[in-house]
Every structure is written in structure tokens, then in C-alpha cells.
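First comes the structure, then the notes that go with it.
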């Protein structure tokens with residue numbers, strides 16, 4: 001079992017390689033070890049990320065086959081099925097690091113901002129469920145001066161939504177709370193920049 005701080009360091013170093021335009025030989029050759037993962041999987045980190053096609057976690061962190069347990073959903077929201085997936089991986093695989101990975105210019109955040117500004121009468125209930133999960137992070141910002149600056153509003157809302165998902169995982173699951181308190185599970189928030197390729201770990205990150 002890899003400690004949370006070591007797992008976090010691996011992700012940070014992998015992202016540095018990605019942002020620099022290089023890739024590790026180990027990640028590239030991981031597919032040749034496909035047979036080794038048939039009996040069991042041993043990922044070292046859980047990533048709850050956005051479904052956006054521009055943010056594939058394995059590539060962003062320069063990791064290979066079997067290295068990461070990925071949960072992806074529009075807006076990196078936390079609903080029961082996502083919590084259950086994180087619980088499953090943390091308990092069954094002994095993973096000690098969970099990263100909520102949002103990203104700049106998130107379309108799910110933008111859609112929520114637009115919906116709050118001009119509600120849609122016939123919106124799909126399934127789409128509305130995503131908006132409703134993001135809404136609590138965005139609504140308070142709509143009452144500030146950010147309302148006059150849509151780009152800045154989305155930027156702040158992205159981080160607020162990441163923090164909300166981290167909080168939900170840390171305090172909305174008895175199983176995860178126990179793992180945090182007794183087994184060293186670490187849940188952190190991070191934002192991927194579409195512009196630079198850099199991941200900024202900013203929420204509940206241990207001080208070095």
C-alpha cells in the first residue's frame with residue numbers, strides 16, 4: 001500500500017512531465033504488463049474527475065495501465081454513485097489518496113451559471129440533476145460583483161465546486177470519514193489548466 005503523500009508526489013511529478021511534453025518509459029510500456037493485472041488491480045490513487053474529453057487523468061498525470069482508479073462525471077460532482085465508487089476503491093484496494101480533479105473553463109460550470117441566469121423550462125431532469133449538484137457552489141457567487149464578469153465567475157465557481165466535492169467526500173460518507181481518521185486516507189482538490197497543462201493541488205494538500 002502506497003502512503004497518500006507518496007501517491008500525491010507521483011501524481012505531481014507525472015503532471016510535471018506531461019506539462020513539459022515528455023512521457024515516462026514506464027507509462028508507455030505499461031500495456032505490455034496487461035496480463036499482470038488480470039487477477040487483481042493495484043492502483044495507487046483515486047481520481048474523481050470531470051468527463052471533459054480534454055482532461056484524461058491517466059495522460060494528464062503521465063500514468064499507465066492499472067495505475068489510477070478513475071471516476072468521471074460531468075462537473076466532477078459528488079452524487080451517491082460517485083461516493084460509492086470512491087468507497088469501493090478506497091476500501092477494497094487500500095488506496096490512500098483521492099483527488100477531486102476539476103479544470104478551467106468547465107462547461108458544466110458554465111451551463112450552471114447560464115441556467116441560474118436564465119432557467120430552462122423543459123430541461124432534461126437528468127441534466128438538471130447535474131446542475132443541481134453544482135448550484136450550491138455557484139449561487140453565492142451570483143450575488144457578488146463577479147456576476148458582471150462571466151469569465152471570472154466561472155473561474156471562481158470551478159474552484160468552489162471542487163472544494164464542495166472534496167468536502168462532500170470528507171464528511172458525507174461514514175466509511176470515508178473512518179478511513180481518513182484511522183487509516184491515513186487523504187482527500188484533496190486540484191484544478192487542471194487547459195491552457196498550461198498544469199494541475200494545481202490547492203485544497204487540503206499537506207504542507208511540506
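The values are calculated or read from the model by the stated rules, or taken from the named source; none is laboratory data. Fair warning: this is a prediction, and the values are worked out from it, not measured in the lab. Methodologically, a virtual Cβ is constructed for each residue, glycine included, from the backbone with ideal geometry; neighbour enumeration extends over all protein chains shown.
For this structure, a couple of remarks:
- Selection within region 88-109 - crowded, with 18+ Cβ neighbours inside 10 Å and either free of Cβ contacts under 8 Å to residues at least 12 places away in the same chain or not in a loop (DSSP other than H, G, I, E, B) (or both): 89, 90, 97, 98, 99, 100, 101, 102, 103, 108, 109
- Within region 129-138, being surrounded by 14 or more Cβ atoms within 10 Å (Cβ to Cβ) and either without any contact (Cβ under 8 Å) to a residue 40 or more places away in the chain or farther than 21 Å from residue 165 by Cα (or both) holds for 131, 132, 135, 137, 138.
- Residue within region 151-172 that is over 13 Å from residue 78 (Cα atoms) and at pLDDT below 90 present: no
- Qualifying residue in region 184-202 (condition: free of Cβ contacts under 8 Å to residues at least 12 places away in the same chain, more than 23 Å from residue 54 (Cβ to Cβ) and out of contact with any strand residue (DSSP E or B) (no Cβ under 9 Å at 6 or more places or on another chain)): no
- Scanning region 58-72 for residues that are modelled with pLDDT under 95 and part of a helix (DSSP H, G or I) turns up nothing.
- Qualifying positions in region 113-128 - surrounded by 12 or more Cβ atoms within 10 Å (Cβ to Cβ) and within 12 Å of residue 150 (Cα to Cα): 113, 114
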